[in-house]
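FYI, it's all coordinate maths here, none of it is from the lab. Treat the numbers as computed from the prediction; the structure is a model and nothing was measured. Please note: Cβ atoms are built from the backbone with ideal geometry, for glycine as well, and neighbour counts cover all protein chains shown.
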Amino acid sequence: MPRIQLACLIAGVMLSAGCGGGGGDDPGPVLSGPVTIDLDAPPPTLLSDYHLFAWDPAAGFTFNDRVVPYDLNTALFSDYALKQRAIYVPEGAAAAFDPDRALDLPVGSVVMKTFYFPADQRAPTQDLQLIETRLLVRHADGWHPLPYIWDADQHDAVLSPAGEVRAISFTGVDGSPQVSNYLIPQRNDCQGCHAEQAGTGAPIDVVLIGIKARHLNRVYDYGGAVGPRNQLDHLAELGMLTGAPAAATVPAAYDFRPIEASGVSALAGAELDTAARSYLDINCAHCHNPLGVQGMTSQLFLDQANADLFHLGICKRPGSAGVGNGGFTFDIVPGDPDTSILYFRTDTTKLGAMMPLLGRSLTHQRGAELLHAWIAAMPMTGCVVDL
Amino acid sequence: MQFARFTTLVLGSALIAGCGDDQHPSTFPTTDCSKITGTCVEVEGTDSTALQAAANSISANTTIVLGAGTFVMTNQLTLRSDGMHLIGQGIDTTTLDFGSATTQVNGVDSIGKDFLIQDLTVLDAPKDGIRVEQSDGVVFRRIRSTWTTPSSMSNGAYGIYPVKSQNVLVEDSRAENASDAGLYVGQCQHVIVRNNTVTGNVAGLEIENTQYADVYGNTAEDNTGGIVVFDLPGNPIVGRDVRLRNNTIRNNNHANFASGGTVATIPVGTGTFAMASRRVEITGNTYENNHTGDIALISGLAVEPSAEKWVLPTASLSGSIEGLDLMSAATGTVMNFRSENIVVAGNKHTGSGTMPDTGDKQALGPLLLAYAGAPVDSVLYDAIGEGPSTAAPTNENHMCVGGNTGGTFASLYVAEQSATSQVPFFRPASPFAPFDCTVLNGGPVAEVVLP
């Protein structure tokens, strides 16, 4: 009978004697060799041991060979955290294109996302504090999630399965002071979003969310000799993506940046619908899709593919929403966002009522504004309320 | 041991002395790993950091034994492996306290087969107390889920909450002060709920979209509604074969403090309702002093009047609908708003129905408007699906109260209610013909046997 004392187990990185552990020995951020992914070894304690990228407050992020940064058209809101994303595909292998689902990345690939806050959101490249880097490493049996938390001196990040809740203060885009109760997810939380299931009781697979053609189909400024280039085209040119048609022929999600900068007042009609559906797709559909482990319970499907108005929430009563309904009856009341549960839950900061479930403690003002405008623009049909 | 090394390497925080010491008689007075078969880890009482480390590092089929004391939790305890067993030192001895959590989390949140939680209290979870999803083989034993402040709308929704699971046992536990349901079995199959106490919740004990449930020996007291059974529309499990027997359901007169949803429509003082339900037996229970009434048998149209929202494609269903006489909207679909094939027998009724809650907010209220001061009957039926009140009463839905000789019965023609006229009602004497049957069509509900 294996018997383990946890008091001993948590003794820590710096303690090498007594509890049988050793620490990592690579203190610096400098890339000291090629990317190292050993799928047979326990995961490294220190993020720098992968040699995926280096971070320096003056130079910013430096990516190793075959590690390609990317960005999304519309991104998941995480309390205004900024994110540096990148993928690594091993030499001699390539991701396979898919028009709808996530790109199929080969074994040995890594998808990484670093969350950081500038002291002032109006100066997004200055006074940066790196919080965490999340890795998804592709093994033969699927994706393995590995959360790393950056140390106080910002030299390296440490594998931290237990996660943390941390109050982070910053100045918002409007100049107001903000405090996020920022959730660094525990390892088991990864499946809260990165999970898919063919049906109740079926195996739960860890899946990618953002690495889909529609989200990636945009220009990224790679700097240097490459400069601005479409991300899908660039990955194909590097030989890291196969089977992709020219990006110009691939549907793209809506680019949220103009909304973040200027609001939604200029949007109308089909463009408003496209923007809102892209926002729901990336912020909600990781659960709210027919394969979503927790979303299937609600029967509310906010993925790009859903064309059924009832499952989109129109005049639909929630399942077991508890306090999440805000006193309202229907997920979406066309033309009336202020009595629509979907708007209430994405706007509120009430514990127990907020959506998404994980990773938000502040209101995404522009996101809520978009959903409000989207519901307000729906023809007012009324929902049947009573006997 | 690879696991031990992994954990040691990755967790850098407080250094706790006594690494080699594996004797903790004072903090593990009831259970320690020596009493557990299989892989086991002990976590000292109060050490929430070590608890989170354990939960996120151990592999499947491991028991975590929690020491005596209060664990102050800032994040939910998330379990995502099969065979996770969580055992404390007792309901009053080991507490997981989520009162200082600043993010919206559940208390204990588990997805994985073969889950057990035993001998501890979960306190002040921002969302649900203990949520167990998609498990096959679930045991809740001698646990308590509660919130410090009674009647607070900001209390979490559900206390003890197994959902979408099979082979579920909830016993000898307590669920208190939930702003929705204290003990909520949702979308489960093969369930035993016995000898629990639910108090101070909006809904005490709910059986929702669940098949094959045996609910007995429980006490529901001081909730808004005591023990209820229902289906919600659009859910792929059609509830069936539920027994409520030998429970005590009394003084469920708590003000309704739900912020919304189905439970916000429960009238204060409700003992039991069965809504959008079939093959239900309500027998041998003791009902006492529930101000609105003891038992209501209601169509699902009471909360969702649009029949089309109850349409379910047969191909989408989980669980068996064999032998059920479900309505159908079109080939390849069923609808489950109808309540039918229910036996109510041998219950004791004392002192209830004297102050019915007919508030406008309550969608179930129209059932009660017919009573102006008179005590509400022990068993009420909304007669939806029966012939008109002007013709001889029918029993198309096979509602059987013939064996409930200790109570009274009335069917209220709710569908005929209008803004200007009272609900017509039919109030036969025992044995309540044509509702005098005593056996379910298809035979009694079979005993639930857990593996």
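Of the residues A:210, A:92, A:367, the one that moves most in a GNM of chain A with alpha-carbon contacts below 10 Å is A:92. Remark on segment A:81-205: hydrodynamic radius 16.5 angstrom, per the Kirkwood mean of 1/r across alpha carbon pairs. Dipole of chain B computed with +1 at Lys/Arg Cβ and -1 at Asp/Glu Cβ about the Cα centre; of B:46, B:148, B:430, farthest Cα towards the positive end is B:430.
This model, with +1 at the C-beta of Lys and Arg and -1 at the C-beta of Asp and Glu, gives chain B a dipole about its Cα centre of some 160 debye. The share of alpha-carbon pairs in segment A:263-376 lying farther apart than 24 Å comes to 15%.
Within 9 Å, Cβ to Cβ, of residue A:352, how many net charges do the neighbouring residues add up to if Lys/Arg are +1 and Asp/Glu are -1?
On the way: positive: A:350, B:127; negative: B:128.
For residues surrounding residue A:352, the net value is +1.
At q = 0.16, 0.18, 0.21 Å⁻¹, work out log10 I(q)/I(0) for segment A:236-281 with the Debye formula, treating every Cα as an identical point scatterer and leaving solvent out; two decimals please. Computed log10 I(q)/I(0) values: -0.59, -0.67, -0.76. Relative to the longest principal axis of the Cα atoms of chain A, helix A:269-283 runs at roughly 40 degrees.
Between helix A:365-376 and chain A there is an angle of about 30 degrees, using the helix long axis and the longest principal axis of the Cα atoms.
Rounded to the nearest Hz, the phi-derived 3J(HN,Hα) couplings of segment B:437-451 under the Karplus curve 6.51 cos²θ - 1.76 cosθ + 1.60 (θ = phi - 60°) are 5, 9, 10, 5, 4, x, x, x, 5, 6, 5, 7, 10, 8, x, where x marks glycine and proline. Taking the longest Cα principal axis of chain B as reference, the axis of helix B:48-57 is set at about 80 degrees. For segment A:263-376, what relative contact order do you get, as a whole percent, if you take Cα pairs closer than 8 Å and at least 6 residues apart? 22 percent.
Counting other Cβ atoms within 10 Å as a rough exposure proxy, the listed residues A:65, B:82 run A:65, B:82 from fewest neighbours to most. Within straight-line reach of residue A:113, meaning a Cα separation under 16 Å, sit the following lysines at least 8 residues removed in sequence or on another chain: A:83, A:212. When a/c reaches 1.5 or more, the comparison of a/b and b/c decides; with that in mind, is chain B rounded, prolate or oblate per its Cα gyration tensor? Because a/c hits 1.5 or more and a/b exceeds b/c, chain B counts as prolate. Among A:157, A:202, A:252, the largest mean-square fluctuation in a Gaussian network model of chain A (Cα springs under 10 Å) belongs to A:202. Decide, for segment B:158-212, between rounded, prolate and oblate: order the square roots of the alpha carbon gyration tensor eigenvalues as a ≥ b ≥ c, take rounded if a/c falls under 1.5, and otherwise choose prolate if a/b is larger than b/c, else oblate. Oblate, because a/c is 1.5 or more while a/b does not exceed b/c.
Shape class for segment B:82-236: rounded, because the ratio a/c of the largest to smallest gyration tensor axis (alpha-carbon atoms, square roots of eigenvalues) is under 1.5.
Where the only charges are on Cβ atoms (+1 Lys, Arg; -1 Asp, Glu), what is the dipole of chain A about its Cα centre, to the nearest 20 debye? Don't skip to the answer; put the middle values down first.
On the way: 23 positive and 41 negative charges, 118 e Å.
Result for chain A is approximately 560 debye, rounded to the nearest 20.
Sites listed here are trypsin sites (Lys or Arg not before Pro) in segment A:25-125 whose DSSP assignment is loop and whose Cβ has at most 14 other Cβ atoms within 10 Å: A:101, A:122. Taking every alpha-carbon pair in the protein assembly as shown and binning the separations at 20 Å intervals from zero gives 15, 45, 31, 8, 0 percent.
Taking 7 Å steps out from each Cα toward its Cβ at residue B:148 and residue A:242 produces label points 6.0 nm apart. Look at the dipole of the protein assembly as shown built from charges on Cβ: of A:111, B:320, A:235, the Cα furthest out on the positive end belongs to B:320. From the alpha carbon centroid of segment A:320-387 to that of segment B:322-347 is 33 Å. The trypsin sites (Lys or Arg not before Pro) of segment A:209-313 include none that meets both conditions, a loop assignment by DSSP and at most 12 other Cβ atoms within 10 Å of the site Cβ. Using C-alpha pairs under 8 Å with a sequence gap of at least 6, the mean separation divided by the residue count of segment A:66-249 gives a relative contact order of 21 percent. A Cβ-based charge dipole, computed about the Cα centre of segment A:177-315 with Lys and Arg at +1 and Asp and Glu at -1, lands at about 140 debye. Which listed residue (B:108, B:239, B:329) has the Cα farthest towards the positive end of the charge dipole for chain B, taking +1 on Lys and Arg C-beta and -1 on Asp and Glu C-beta about the Cα centre? Farthest towards the positive end: B:329. Taking the Cα centre of each part, how many Å lie between segment B:109-183 and segment A:105-122? Using only Cα atoms, the two centres lie 35 Å from each other. Averaging Cα coordinates gives a centre for segment B:256-303 and one for segment B:427-446; these two points are 19 Å apart. The Cα-based radius of gyration of segment B:167-313, divided by its Kirkwood radius, gives an Rg/Rh of 0.94.
Site pair residue A:126 and residue A:365 shows an inter-label distance of 2.0 nm when each label is modelled 7 Å from Cα along Cα→Cβ.
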